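Heads up, the thing below is written out as structure tokens.
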Amino acid sequence: MDFLKVLGIKDENLGASTGLKWYGEKSGDKIDVHSPVDGKHIATVYQATEDDYEQVAKITHEAFLQWRKIPAPKRGEIVRQVGLQLRKYKEPLGKLVSYEMGKSLQEGLGEVQEMIDICDFSVGLSRQLYGFTMQSERPNHRMYDQYHPLGVVGTISAFNFPVAVWSWNAMIATVCGDSNLWKPSSKVPLTSIAVQNILADVIKENDLPEGLFSLIIGRGKTVGERMLNDKRVPLVSVTGSTSVGRHAAQVVSKRFGRTILELGGNNAIILTPNADLKIAIPAIVFGAVGTAGQRCTSTRRIIMHESIYDKVKESLLKAYETLKIGSPLDVSNHVGPLIDKAAVEDFLNAQKKVKEEGGKIIFGGEVLEGKGYESGCYVKPAIAEVENHYQIVQEETFAPLLYLIKYSGEVNNAIELQNNVVQGLSSSIFTNDVRESEEFLSAWGSDCGIANVNIGTSGAEIGGAFGGEKETGGGRESGSDSWKAYMRRQTNTINFGKELPLAQGIKFDI
């Protein structure tokens with residue numbers, strides 16, 4: 001395929017890079033990458049060893065020691081050039097995202113656009129890494145705080161957003177004066193190799209330190225554990241399951257490192273009797289089946305008032321009948337494949353548990369076969385009638401399985417149902433009643449990190465801080481003031497007088 005050549009993807013690829021140089025050997029442990037779109041073999045990647053990790057991590061740390069001395073606006077200029085490179089390669093990279101991961105081409109292109117957007121955001125941010133001045137109680141003293149570069153930022157990204165999540169971390173970390181070490185999901189290693197190749201021209205043209213942007217593709221039990229335990233990596237950003245995040249947090253905290261955790265979601269949309277269903281139904285369908293239900297912000301639960309339940313159910317069944325399922329490279333299709341056959345099994349097992357607990361599958365749920373579905377990864381999105389307390393409903397199924405749940409009475413009953421799960425990422429309410437929307441957004445309303453009114457749960461913009469509460473991990477990435485996580489904070493007090501008054505009026509005469 002032409003886009004593979006444009007992006008420098010070879011039949012055989014090494015799995016460790018410091019920006020310009022590739023490390024490792026074409027032998028030993030390897031990943032044979034197959035596309036979930038058609039099941040075809042794309043390329044082979046030779047995984048990095050622990051020795052490869054040590055070499056790359058050492059160079060990445062040395063890059064930080066140089067990079068932190070560069071003025072932040074000049075660091076922003078490098079990120080600006082990265083954004084230009086991504087614009088140049090948007091179409092081929094978007095196609096690779098779609099082909100390797102399985103999301104629609106429009107979503108693949110949108111993911112690269114998200115990378116471009118965070119570059120633009122970070123360029124502006126490079127002139128706004130501000131601190132504050134405080135009033136000192138001591139005469140002739142000035143107090144202020146400032147932010148300094150932190151060190152190597154390790155990013156462990158998931159398969160569902162193979163390049164965007166890295167950019168959220170890496171571009172902001174770069175303007176903050178940090179170097180970057182990226183461990184992508186082993187399910188989608190080729191997109192990360194393509195990004196390294198795209199960055200190469202910027203690195204060469206600006207004579208940047210080797211290791212400013214590094215990549216390590218390898219097993220979690222080897223290179224992943226090395227990163228978590230590496231004191232040279234003061235911050236590790238992890239996107240993945242709750243169990244993966246819990247382990248990472250425990251390991252990193254033992255060495256007093258920091259983590260940014262972006263973990264599971266169990267996102268709900270509340271529909272009150274005052275909802276505008278003309279906009280609610282499309283939002284629900286996109287949130288539930290976009291990326292084949294493999295977004296952490298995918299819509300999992302619809303909590304609707306009993307007075308509109310039957311009407312909404314009928315509308316959703318009609319909408320699901322119109323869904324076109326097939327190759328994500330065909331822009332006329334709505335739903336592509338799941339990432340692999342293991343994800344298909346999880347989808348089927350979740351439906352089985354729904355039935356065992358007393359729920360009912362009212363649409364879809366089948367694995368599709370025949371022409372165009374040879375990979376075995378295509379499924380028909382499912383709708384189930386359930387109760388919120390079912391154990392399977394309390395869990396996150398990373399697939400297009402939508403739960404319909406009734407509520408009665410006032411909107412606070414719906415909010416209670418929404419909050420009664422262990423995850424707390426994204427949430428939404430559809431209502432034209434300002435009182436209902438304000439209660440949803442109040443301190444006693446949604447307990448999620450993202451709470452929307454009259455839009456769905458997925459498709460967040462980069463300008464806002466992204467992340468969730470409870471077992472979603474509490475981390476924040478991307479916009480707002482998330483940049484502070486990538487820096488170390490320092491409080492400074494300067495005495496410009498000729499005496500030494502002590503705080504709190506303490507006297508100490510010698």
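At a glance:
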| quantity | calculated |
| --- | --- |
| Cross-chain or 6+ apart pairs with Cβ under 8 Å, segment 1-27 first and free of Cβ contacts under 8 Å to residues at least 60 places away in the same chain and open to solvent by 20 Å² or more (accessible area, probe 1.4 Å), then part of a loop (DSSP other than H, G, I, E, B) and among the β-branched types (Val, Ile, Thr) | Gly24/Thr49 |
| Segment 423-448: number of residues that are in contact (Cβ under 8 Å) with a residue 60 or more places away in the chain, open to solvent by 10 Å² or more (accessible area, probe 1.4 Å) and among the polar types (S, T, N, Q) | 2 |
| Check on Gly365, farther than 23 Å from Gly473 by Cα, within 28 Å of the chain's Cα centre (by Cα) and free of Cβ contacts under 8 Å to residues at least 40 places away in the same chain | yes |
| All positions within segment 372-431 that are basic (Lys, Arg) and either under 22 Å from the mean Cα position of the chain (by Cα) or over 30 Å from Gly39 (Cβ atoms) (or both) | Lys406 |
| Sole exception among (1) touching a Phe, Trp or Tyr at 6+ places or on another chain (Cβ under 8 Å); (2) under 30 Å from Glu374 (Cα atoms) for Val45, by number | (1) |
| Segment 309-329 residues that are in contact (Cβ under 8 Å) with a residue 24 or more places away in the chain and at negative phi, paired with ones that are open to solvent by 50 Å² or more (accessible area, probe 1.4 Å) and of a type outside the set (Val, Ile, Thr) (beta carbon under 6 Å, 6 or more apart) | Tyr309/Lys406; Leu323/His334 |
| From the options Gln128, Gln113, residue that is open to solvent by 10 Å² or more (accessible area, probe 1.4 Å) and either outside any helix (DSSP H, G or I) or of a type in the set (D, E, K, R) (or both) | Gln128 |
| Any pair with Cβ under 8 angstrom, 6 or more apart, that starts in segment 482-509 at a residue that is under 22 Å from Gly124 (Cβ atoms) and ends at one that is outside any strand (DSSP E or B) and open to solvent by 60 Å² or more (accessible area, probe 1.4 Å) | Ser482/Arg476; Ala485/Arg476 |
| Strands (runs of 3 or more DSSP E) completely within segment 384-482 that count 1 or more residues being modelled with pLDDT of 95 or more and in contact with a Cys (Cβ under 8 Å, 6 or more places away or on another chain) | 426-430 |
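The values are calculated or read from the model by the stated rules, or taken from the named source; none is laboratory data. Source: prediction; values computed, not measured. Every residue, glycine as well, gets a Cβ built from its backbone with ideal geometry; the counts of neighbours run over all protein chains shown. Heads up: the accessible areas ignore ligands, DNA and RNA and are worked out on the full protein's heavy atoms, side chains in. Shrake-Rupley method; radii C 1.70, N 1.55, O 1.52, S 1.80 Å.
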